[in-house]
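**Q** Just passing along the structure, written as structure tokens.
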Number of protein chains: 2
Amino acid sequence: MASTPADVKEYPNSYIFIIDMPGLKSGDIKVAVEDENVLVISGERKREEAKEGEKYVRMERRIGKFMRKFVLPENANIDKISAACEDGVLSVTVEKLPPPEPKKPRTIEIRVG
Amino acid sequence: MASTPADVKEYPNSYIFIIDMPGLKSGDIKVAVEDENVLVISGERKREEAKEGEKYVRMERRIGKFMRKFVLPENANIDKISAACEDGVLSVTVEKLPPPEPKKPRTIEIRVG
């Protein structure tokens, strides 16, 4: 199970996970949330079957299954996750939950003793 | 100057150089032949400029200039090289020169002494 490099960026309203996946198409990649707060990105790069008269002179590119897991921050909205793949780079956007409403100041009445 | 993994395949009539270039578009990549028989593939992956309110939480993906050089075999036809980029993977096809014509059998006349 190979790893693949990733960047993570934080924006005011979202997190973006950017992962190199050269040679993979959207259909080869799976994006899921496990255990309520773990973003799991997995896929498989297969080597094309050798055609007749074809032989490998050099073979450096990694193939096989890979997986990346990221523990999502508390304010990640796991119902608002989207993913897009372009030029072999996958971007997964996870929106943030709105911050909790600030507690209203409470006025404590002072009883007259 | 970073390296990037490559496969090289040989076919009956061509060689194909396959190089991972996630995030690069055709315009970011240069393919050239130097010194008559060296295939030079170079490019640059730039990190996008930070937008307002953006910050990196994790930064593993390599950026910067990269280059790969391959000494071409003698039978490579450097006038017939083509390149295509798909899903962050560059494929450079170098056709082979036709094999030299087999030498015709020479008949040596035998002089009558």
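**Q** Which ones in the range A:1-25 are under 13 Å from A:Arg68 (Cβ atoms), without any contact (Cβ under 8 Å) to a residue 60 or more places away in the chain and crowded, with 16+ Cβ neighbours inside 10 Å?
**A** Listed by number, the list holds a single entry, A:Asp7.
**Q** Separate question: Among (1) at pLDDT 95 or above; (2) out of contact with any Ser or Thr (no Cβ under 9 Å at 6 or more places or on another chain); (3) closer than 18 Å to B:Glu54 by Cα, where does A:Pro98 come up short?
**A** (1)
**Q** Could you check the range B:13-46 and list, in sequence order, the residues that are in contact with a Phe, Trp or Tyr (Cβ under 9 Å, 6 or more places away or on another chain) and under 29 Å from A:Pro73 (Cβ atoms)?
**A** Once the filter is applied, which keeps residues that are in contact with a Phe, Trp or Tyr (Cβ under 9 Å, 6 or more places away or on another chain) and under 29 Å from A:Pro73 (Cβ atoms), the range B:13-46 yields only B:Arg45.
**Q** Can you say whether B:Arg45 is surrounded by 14 or more Cβ atoms within 10 Å (Cβ to Cβ), more than 28 Å from B:Ser82 (Cα to Cα) and not aliphatic (A, V, I, L, M), as far as the supplied structure shows?
**A** no
Per-residue answers, yes or no, for (1) surrounded by 16 or more Cβ atoms within 10 Å (Cβ to Cβ); (2) in contact with a strand residue (DSSP E or B) (Cβ under 8 Å, 6 or more places away or on another chain); (3) more than 19 Å from A:Asp20 (Cβ to Cβ):
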position	(1), (2), (3)
A:Gly53	no, no, yes
A:Val57	no, yes, yes
A:Gly64	no, yes, no
A:Glu74	no, no, yes
A:Ile78	no, yes, yes
A:Glu86	no, no, no
A:Val92	yes, yes, no
A:Lys103	no, no, yes
A:Val112	no, no, yes
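Yes or no, residue by residue, for (1) at negative phi; (2) in contact (Cβ under 8 Å) with a residue 60 or more places away in the chain:
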position	(1), (2)
B:Gly27	yes, no
B:Val31	yes, yes
B:Val38	yes, no
B:Lys46	yes, no
B:Gly64	no, yes
B:Glu74	yes, no
B:Lys80	yes, no
B:Ala84	yes, no
B:Leu97	yes, no
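The values are calculated or read from the model by the stated rules, or taken from the named source; none is laboratory data. The model shown is predicted, which means the values in this text are computed figures rather than measured ones. Neighbour counts are summed over all protein chains in view; Cβ atoms, including those assigned to glycine, are modelled from backbone coordinates with ideal geometry.
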